[in-house]
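Everything on this sheet refers to the single structure shown next.
Rule-based calculations on the coordinates, nothing more; no lab input. These figures come from a predicted structure and were not determined experimentally. Cβ coordinates were reconstructed from backbone atoms using ideal geometry, including for glycine residues, and neighbour counts include every protein chain displayed.
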Amino acid sequence: MPELVVILVLGFFLLILAAKALQIIRPYEKGVVETLGKYSAPPRDPGLAFVMPFFQTLIKVDTREQVIDVPPQEVITKDNAAVTVDAVIYFRVTDPVRVIYNIANFQYAAVKLAQTNLRNIVGEMELDQTLTSREKINSQLRQVLDEATDEWGVKVVRVEIQKIEPPADITNAMSKQMKAERESQILRAEGDRQGAVIRAEGQAQAVRTLADAEKFRIETVFNAIHAGNPDAGLVAIRSLEALEKVADGKATKIFLPTEVGGALASLGAVAEVFRTNPQAPAANLPAAPARPVPPQA
């Protein structure tokens with residue numbers, strides 16, 4: 001019975017030694033081995049690693065890309081406006097030895113470094129430039145952090161500014177300004193539309209007025225002609241005067257209406273009478289020949 005207890009104790013002890021001696025390093029990890037507290041071998045690659053229990057220690061370092069959230073902080077801009085800036089840092093361990101021995105708490109140090117450089121970068125910009133230059137802030141901050149963390153065996157992949165919040169009074173003023181500009185554009189568009197309608201109505205009214213004036217002129221002339229009861233000779237003389245003006249133009253052909261032809265015939269008859277009998281009274285003047293009536297269809 002005592003021998004069985006000794007065997008069980010030895011077996012349990014061997015299991016513990018085996019668990020201490022055999023370590024599994026995952027694909028995204030690197031293993032740093034210390035012998036009696038001193039770095040003694042190159043980093044171990046992923047797989048099964050053997051260490052001497054009680055004499056060696058295996059420290060596993062995660063080499064995947066990781067994220068650090070930089071807490072929001074107030075930063076004073078160049079034109080003395082206080083803005084709240086919030087950022088995140090994406091980094092990856094490139095040298096597990098340096099990240100263990102060159103820095104005690106990398107994440108805490110990276111947060112403080114980011115906050116300090118955010119104050120410096122934003123402090124050199126005015127408020128308007130700060131709100132529209134996120135890419136520039138990201139680039140400058142990433143460059144500064146990458147240079148500083150290179151000694152720690154860390155690569156800063158990128159930095160992203162999550163938000164930049166100006167003071168509440170400035171935010172309200174900007175909101176009111178945007179609303180006023182929007183309303184001004186709406187009013188301007190409405191004014192342009194109403195102006196176009198008014199101009200169109202004015203042009204239509206002008207056309208109607210000119211048409212009414214032309215109508216009145218034509219009616220007045222027409223009524224005056226009929227009130228004077230002109231005879232065929234007067235009409236012929238007026239026609240000749242009109243033809244004289246027409247002939248002064250550049251046209252090579254003149255088309256005469258049938259009414260003018262009849263009037264000219266009457267005028268010719270009057271002239272013939274005066275040539276044969278100069279003392280003939282006006283009452284005996286021949287009448288204008290009547291126009292032939294076209295046959296009815």
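This ranking places Val75, Val122 by how few other beta-carbon atoms lie within 10 Å of each, fewest first, which gives Val75, Val122. Within the shell of other residues whose beta carbon sits under 12 angstrom from the beta carbon of Val207, the net charge comes to -2, with Lys and Arg scored +1 and Asp and Glu -1. Stretching the chain fully between Glu34 and Thr116 yields a gain of 26.0 nm (0.36 nm per residue, less the alpha carbon separation). A cut-off under 12 angstrom between Cβ atoms defines the neighbours of Phe50, and their net charge, with Lys, Arg +1 and Asp, Glu -1, is +2.
Region 95-109 and region 31-72 have Cα centres separated by 12 Å.
Couplings for region 15-32, taken from phi via the Karplus curve 6.51 cos²θ - 1.76 cosθ + 1.60 with θ = phi - 60°, read 4, 5, 4, 5, 5, 6, 7, 9, 10, 9, 9, 6, x, 9, 10, 10, x, 10 Hz in order; Gly and Pro are left as x. Within the shell defined by Cβ-Cβ distances under 15 Å, the residues around Thr63 carry a net charge of +3, with Lys and Arg each +1 and Asp and Glu each -1. What FRET efficiency would be calculated for the residue pair Gln66, Leu22, taking the C-beta separation as r and a Förster radius of 25 Å, to the nearest 0.05? Result of the calculation: an efficiency of 0.35. The GluC sites (Glu not before Pro) of region 129-198 include none that meets both conditions, a loop assignment by DSSP and at most 13 other Cβ atoms within 10 Å of the site Cβ. Kindly state, to the nearest 0.05, the FRET efficiency for Phe55 paired with Val88, given R0 = 35 Å and r defined as their beta-carbon distance. FRET efficiency, Phe55 to Val88: 0.25. In this simple spin-label approximation, Lys136 and Val207 carry label points 7 Å from Cα along the Cα→Cβ vector, and these lie 5.6 nm apart. Label-to-label distance for Glu183 and Ala200 is 2.9 nm, based on points extended 7 Å past Cα in the beta-carbon direction.
A simple spin-label model places pseudo-atoms 7 Å from Cα toward Cβ; at Ala109 and Arg217 they are separated by 9.8 nm.
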